[in-house]
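K.L.:
Okay, handing you the structure first.
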Amino acid sequence: MSDLRRRALGGAKTVSRKARAKAESGLSSSNHSPNGSPASSRPGSRPGSHPGSRYASEDEYASASDNDDITTIDTGSVSGDEDNIDYTWVERLQDRVTELQDRKRSSVQGREATLGGYNHILKHHVALRQLERSVADIMPILLKDVKNGSSEEERLRAVRAFTLTLITCPSDTIFDQALPILKSACYDAEADAEAVKVETVRALCFAVTHGGGSSNAAEEVLDFLLEIVESDGHSANAPDSGAVVSAALQAWAFVASHMDDLTIQFEAAIEAFMEQLDSSDADVQTSAGVNIALLFEWARDYEADTGESFDQQYNQHRIMSRMGEIVRDSSKTVSKKERRNLRSNFSSIVTSLERGKGPGYSTAGRAGPNPHTGGSTTDEGEFREFGYRERIRVYNQFLLIDTWSLHARVEVLKSLLGGGFAIHYLENPVVRDILRGAEVEYVTGKKAKK
């Protein structure tokens, strides 16, 4: 196990398992097998799967569930009952793995479709037991697709498949093989490859933390990601791309959250993040602010652990003043919704810097006990702050996100897993390990059914 892995920390629409089964098995038809061979579909495939008259796009795979609230989960999917549908997702996954391995007569559309079905299954099911014997063969195939895919869509889905496979079956050896290929994909000069670059940046942060990267490798990845931020995307052949820069900022925070010592990176990083506060892209501004808060959180922990004062170039008052100016001026450059989100996020960051707290801390409160939280009785005149309000609900559990490190990890996991976040949190030991620092509150009685 790598050094980094050792140190690693309701009410939305729910999609039925039957609907998921259709998306996952839609490419098993013998008429349009991705390999061009009727034999590639298992005899046990369900007759109710998608017709083979066309190839489904990945948007179709995602449409029913990936955009749902990540904190909502169909309780039947974690009941442990392997009824017909639960069993056949394993069969469908085996079909997709077979198609990935047997590609002699495959077409571009067939490979795209196979990767789309494979990704959908891995998002919505935890397949460690099903993949552990074949993962050593699958990883090189996926990396080959990332490097030599015949279309942007094939490369995009291959990168996503690599990351989903890695978060399902971590590796102690894949990083060295993956790093040059993922970097090359980031440098891809094609004008329409922005989505591939975003996925590749995300893949890099998982490759180094869960693919066998060392502490030195993590520092190398941090430098690579920071170069993208400092150059406004130019170093990745994505000039002024808000999506790529924002992804690099989030990936930097994810990797940094697994590091014990950020002393070397601190000054250059905070300078780059301060510059990105002036970005015209609201997502870039928010991600830069979160990373600044993450660095100051690390500095507070460093001082608490060592008893030494950490001297930094930027003082917190200057940063808070700059954020206030950005919020006031944002009405001229961003939409009303973006301005509202920016104001909310920056308010959380400013409170964090002022009070030495984590994300979502509310200084509002009430006098006396809070009847809505079941708090203990206090003197009538005592003022009690609401405190941390950033929580994620997963069925009958609330995960309290009270550090910026946890916040950074959650944001990347949400981007990767979408509607499959809940099932992975409940059943995937890798995701549980990534979020193991989160305090969990359990909801009982009628409230658990909301």
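K.L.:
Of the options Val244, Gly212, Ala269, report the single residue whose Cα projects farthest towards the positive end of the charge dipole of the range 187-316 (beta-carbon charges: Lys, Arg +1; Asp, Glu -1).
P.N.:
Selected residue: Gly212.
K.L.:
At 7 Å along the Cα-to-beta-carbon direction for both Lys336 and Gln94, put a label point, then send me their distance in nm to one decimal.
P.N.:
5.5
K.L.:
Still on this structure, please answer the following. What ranking of His317, His234 comes out by heavy-atom accessible area, probe 1.4 Å, highest first?
P.N.:
I get His317, His234, largest accessible area first.
K.L.:
If you bin the C-alpha pair distances of the range 89-150 every 5 Å from 0, what whole percents do you get?
P.N.:
4, 17, 31, 29, 14, 5, 0
K.L.:
Which order do Lys144, Lys123 take when ranked by solvent-accessible area (1.4 Å probe, heavy atoms of all protein chains), largest first?
P.N.:
Lys144, Lys123
K.L.:
Could I ask something else about it? To the nearest 10 square angstrom, what accessible area does Arg318 show with a 1.4 Å probe?
P.N.:
The value for Arg318 is about 120 Å².
K.L.:
With a/c under 1.5 counting as rounded, go ahead and sort the range 207-350 into rounded, prolate or oblate using the C-alpha gyration tensor (a ≥ b ≥ c being the square roots of the eigenvalues; past the cut-off, prolate if a/b is larger than b/c, else oblate).
P.N.:
The shape class here is oblate.
K.L.:
Show the residues, 5+ positions off or on another chain, whose built amide H is closer than 5 Å to the amide H of Arg384.
P.N.:
Placed amide hydrogens put Arg366, Ala367, Gly368 under 5 Å from Arg384.
K.L.:
Among rounded, prolate and oblate, which fits the range 177-255 when a ≥ b ≥ c are the square roots of the eigenvalues of its C-alpha gyration tensor, a/c under 1.5 means rounded, and a/b larger than b/c means prolate?
P.N.:
It is prolate, given that a/c is not under 1.5 and a/b is the larger ratio.
K.L.:
Go through Lys104/Lys147; Lys336/Lys357; Lys123/Lys414 and tell me which ones have a Cα-Cα distance over 20 Å in this structure.
P.N.:
Check vs 20 Å cut-off fails for Lys336/Lys357.
K.L.:
Based on alpha-carbon centroids, what's the gap between the range 94-123 and the range 254-324 in Å, whole number please?
P.N.:
42
K.L.:
Students sometimes get this wrong: rank Ser362, Ser309 by accessible area, probe 1.4 Å, all chains present, largest first.
P.N.:
Highest to lowest solvent-accessible surface, that is Ser309, Ser362.
K.L.:
While we're looking at this one, here's another question. Magnitude of the Cβ-charge dipole of the range 128-272, K/R +1 and D/E -1, about the Cα centre, nearest 20 debye?
P.N.:
Rounded to the nearest 20 debye, it is 720 debye.
K.L.:
Can you give the charge dipole size of the range 260-321 about its Cα centre, rounded to the nearest 20 debye, using +1 on the beta carbon of Lys and Arg and -1 on the beta carbon of Asp and Glu?
P.N.:
Dipole magnitude for the range 260-321 comes out near 260 debye.
The values are calculated or read from the model by the stated rules, or taken from the named source; none is laboratory data. Just so you know, these numbers come straight off a predicted model, no measurement behind them. All Cβ positions, even for glycine, are placed from backbone atoms using ideal geometry, and neighbour counts span all protein chains on display. These accessible areas exclude ligands, DNA and RNA; they are computed on the full protein's heavy atoms, side chains included. Shrake-Rupley method; radii C 1.70, N 1.55, O 1.52, S 1.80 Å.
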